[in-house]
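**Q** Below is one structure. I have some questions about it.
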Amino acid sequence: MIRKVTKAVFPVAGLGTRFLPATKSIPKEIMTLVDRPLIQYAIDEARAAGIEEFIFVTSRGKGALEDYFDHSHELENHLKKSGKDELLDLLRQTNMESGAIAYVRQHKAMGLGHAVWCARRLINDDEAFAVVLTDDVVMGDPPCLQQMIEAHAETGGSMVATMEVPQEKTKSYGILDVEEDMGAIVKVRGMVEKPKESPPSNLAVIGRYILAPTVLGNLNKLKQGAGGEIQLTDAIADEIEAGRDVFGLRFRGQRYDCGSKAGFLQATVAFGLEREELRDEFVEYLHDVLAMRKAAE
Ligand code: UTP
């Protein structure tokens, strides 16, 4: 019987240089899609998937992120007094239970693998755990992490979320070497982080993982990989070397790379169009902008 996954690690200690100057003072995870910070999308997805313990790997300058999870009694009282029940409800949905969140610090941005390793003392050696990158926002029903947890309950081992990318983009991702393609699930023979040439497939790893606790043991080596960083991909690939199973799940849904400016803008449009109260006005505006651009050409 495979034990239920109830812990998720959110590595949020990166420098976010692609969003400078904003990230000089705002953690990237607090940037908003419509009216919700990226971190809220990640938390909601994890909660929907049954996660009960949320472990944040933070760093200097991420105070706003920690504050975001505090209950705002003053604001709640104000909304209550002024009868703004809907807003009050919305605010309360963001409240986290005391003790559900733990913060650990990564003292230096040494890579995603290192960030996950920083959480090692909070994970038992007999439990698989999830890793969620808040940069990757996935619109999916059921949410991506839930799809993964359900699939993992069948397969065990470790699992990464994967999607097909055009050949020329493979150098920006961790890429899977596929041993057996079973449709939605693929069995992985190897993984390469950002292959400069000859990618083993066009299946890219995106920021959702269910990891066997042994991955943390692999990270103990603190081996530097691509870009001089301690790579999570390498530690997962070590699982295969050790004869343990790693799977990829072709999730159903649309992933937005909110760690990049283009991806963030695309997500803003997509999530804006999802909102009933904004949709008509927004569609009209987008039509007008496109028509004006066409006329100007
Ligand atoms: P990125 O590769 O997107 O790096 O990290 P970054 O520093 O956040 O952003 P850029 O490239 O400078 O713009 C992917 C995820 O891993 C976390 C990041 O916070 C992000 O969620 N991360 C990365 C860490 O927590 N620590 C690290 O040392 C590196």
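The values are calculated or read from the model by the stated rules, or taken from the named source; none is laboratory data. Worth saying up front: this structure is predicted, and the values here are computed from it rather than measured. Glycine gets a Cβ as well: all are built from the backbone with ideal geometry, and neighbour counts include every protein chain shown.
**Q** Tally up the residues in the range 142-194 that are free of Cβ contacts under 8 Å to residues at least 40 places away in the same chain and either among the hydrophobic types (A, V, I, L, M, F, W, C) or touching a Cys at 6+ places or on another chain (Cβ under 9 Å) (or both), please.
**A** Adding up the residues that qualify gives 3.
**Q** Moving on. Please state which of the following conditions Lys24 fails to meet, knowing it meets all the rest: (1) farther than 20 Å from Ile230 by Cα; (2) more than 16 Å from the ligand (Cβ to nearest atom).
**A** The failed condition is (2).
**Q** Further question: Any idea which residue in the range 154-182 is nearest to Ala237 (Cα to Cα), counting only those that are charged (D, E, K, R) and outside any helix (DSSP H, G or I)? Outline the logic, then answer.
**A** Quick first cut of the range 154-182, residues charged (D, E, K, R) only: 154, 164, 168-169, 171, 177, 179-181.
Now restrict to residues that are outside any helix (DSSP H, G or I): 164, 177, 179-181.
Details: Glu164: 19, Asp177: 10, Glu179: 13, Glu180: 16, Asp181: 17 Å.
Only one residue fits best here, namely Asp177.
**Q** From Arg47, Arg60, grab the single residue that is without any contact (Cβ under 8 Å) to a residue 24 or more places away in the chain, assigned to a helix (DSSP H, G or I) and either more than 18 Å from the chain's Cα centre (by Cα) or more than 14 Å from the ligand (Cβ to nearest atom) (or both).
**A** Going through Arg47, Arg60 in turn, the sole match is Arg47.
**Q** For the range 5-21, what are the residues that are more than 7 Å from the ligand (Cβ to nearest atom) and touching a helix residue (DSSP H, G or I) at 6+ places or on another chain (Cβ under 8 Å)? Talk me through it step by step, then tell me what you get.
**A** Our first condition is that a residue be more than 7 Å from the ligand (Cβ to nearest atom); within the range 5-21, this holds for 5-10, 20-21.
Residues satisfying the conditions are Val5, Lys7, Ala8, Val9, Phe10.
**Q** While we're looking at this one, here's another question. Which ones in the range 124-153 are more than 16 Å from the ligand (Cβ to nearest atom) and either in a loop (DSSP other than H, G, I, E, B) or more than 16 Å from Thr6 (Cα to Cα) (or both)?
**A** Initial filter on the range 124-153 (more than 16 Å from the ligand (Cβ to nearest atom)): 124-128, 139-143, 146-153.
Matches in the range 124-153: Asn124, Asp125, Asp126, Glu127, Ala128, Met139, Gly140, Asp141, Pro142, Pro143.
**Q** Here is a check on your reading of the model: is Val215 buried (at least 22 other Cβ atoms within 10 Å of the Cβ) and under 22 Å from Ile39 (Cα atoms)? Spell out how you get there, then give the answer.
**A** On the way: buried (at least 22 other Cβ atoms within 10 Å of the Cβ): yes; under 22 Å from Ile39 (Cα atoms): no.
Judged against the criteria, Val215 is not a match.
**Q** Can you tell me which residue among Gly243, Gly263 is surrounded by fewer than 18 Cβ atoms within 10 Å (Cβ to Cβ) and part of a loop (DSSP other than H, G, I, E, B)?
**A** Details: Gly263 fails: part of a loop (DSSP other than H, G, I, E, B).
Result of the check over Gly243, Gly263: Gly243.
**Q** Go through the range 76-115 and count every residue that is among the β-branched types (Val, Ile, Thr) and over 17 Å from Lys62 (Cα atoms).
**A** Going residue by residue through the range 76-115, those that are among the β-branched types (Val, Ile, Thr) are 94, 101, 104.
The next check asks that each one be over 17 Å from Lys62 (Cα atoms); those that pass are 94.
Of the residues in that region, 1 qualify.
**Q** Given (1) under 24 Å from Thr58 (Cα atoms); (2) away from the ligand (no atom under 16 Å from the Cβ); (3) not small (Gly, Ala, Ser), identify the lone condition not met by Ile206.
**A** (2)
**Q** Which one is farthest from Glu274 (Cα to Cα) among residues in the range 63-86 that are within 16 Å of the ligand (Cβ to nearest atom) and surrounded by fewer than 15 Cβ atoms within 10 Å (Cβ to Cβ)? Before you say what the answer is, go through the steps one by one.
**A** Quick first cut of the range 63-86, residues within 16 Å of the ligand (Cβ to nearest atom) only: 63-66, 68.
This time we only want the ones that are surrounded by fewer than 15 Cβ atoms within 10 Å (Cβ to Cβ), so: 63-64, 66.
Working: Gly63: 30, Ala64: 27, Glu66: 28 Å.
Only one residue fits best here, namely Gly63.
**Q** Could you check Ser98 against (1) more than 15 Å from the ligand (Cβ to nearest atom); (2) at pLDDT below 90; (3) surrounded by 13 or more Cβ atoms within 10 Å (Cβ to Cβ); (4) outside any helix (DSSP H, G or I) and say which number it fails?
**A** (3)
**Q** Scan the range 64-86 and tell me whether some residue there is touching a residue at least 12 places away in the same chain (Cβ under 8 Å), under 16 Å from the mean Cα position of the chain (by Cα) and part of a helix (DSSP H, G or I). Give the steps one after another, and end with the answer.
**A** Our first condition is that a residue be touching a residue at least 12 places away in the same chain (Cβ under 8 Å); within the range 64-86, this holds for 64-66, 68-69, 71-72, 75-76, 79.
Filter once more, so that each one left must be under 16 Å from the mean Cα position of the chain (by Cα): 65.
Those still in the list that are part of a helix (DSSP H, G or I) too: 65.
The answer is yes, given that some residue of the range 64-86 is touching a residue at least 12 places away in the same chain (Cβ under 8 Å), under 16 Å from the mean Cα position of the chain (by Cα) and part of a helix (DSSP H, G or I).
**Q** Given the conditions (1) surrounded by 24 or more Cβ atoms within 10 Å (Cβ to Cβ); (2) part of a strand (DSSP E or B), and given that Ala115 satisfies all but one, which numbered condition is not satisfied?
**A** The number of the failed condition is (2).
**Q** Looking at the range 101-109, is at least one residue under 12 Å from Ile55 (Cβ atoms), within 10 Å of the ligand (Cβ to nearest atom), outside any loop (DSSP other than H, G, I, E, B) and not β-branched (Val, Ile, Thr)?
**A** No.
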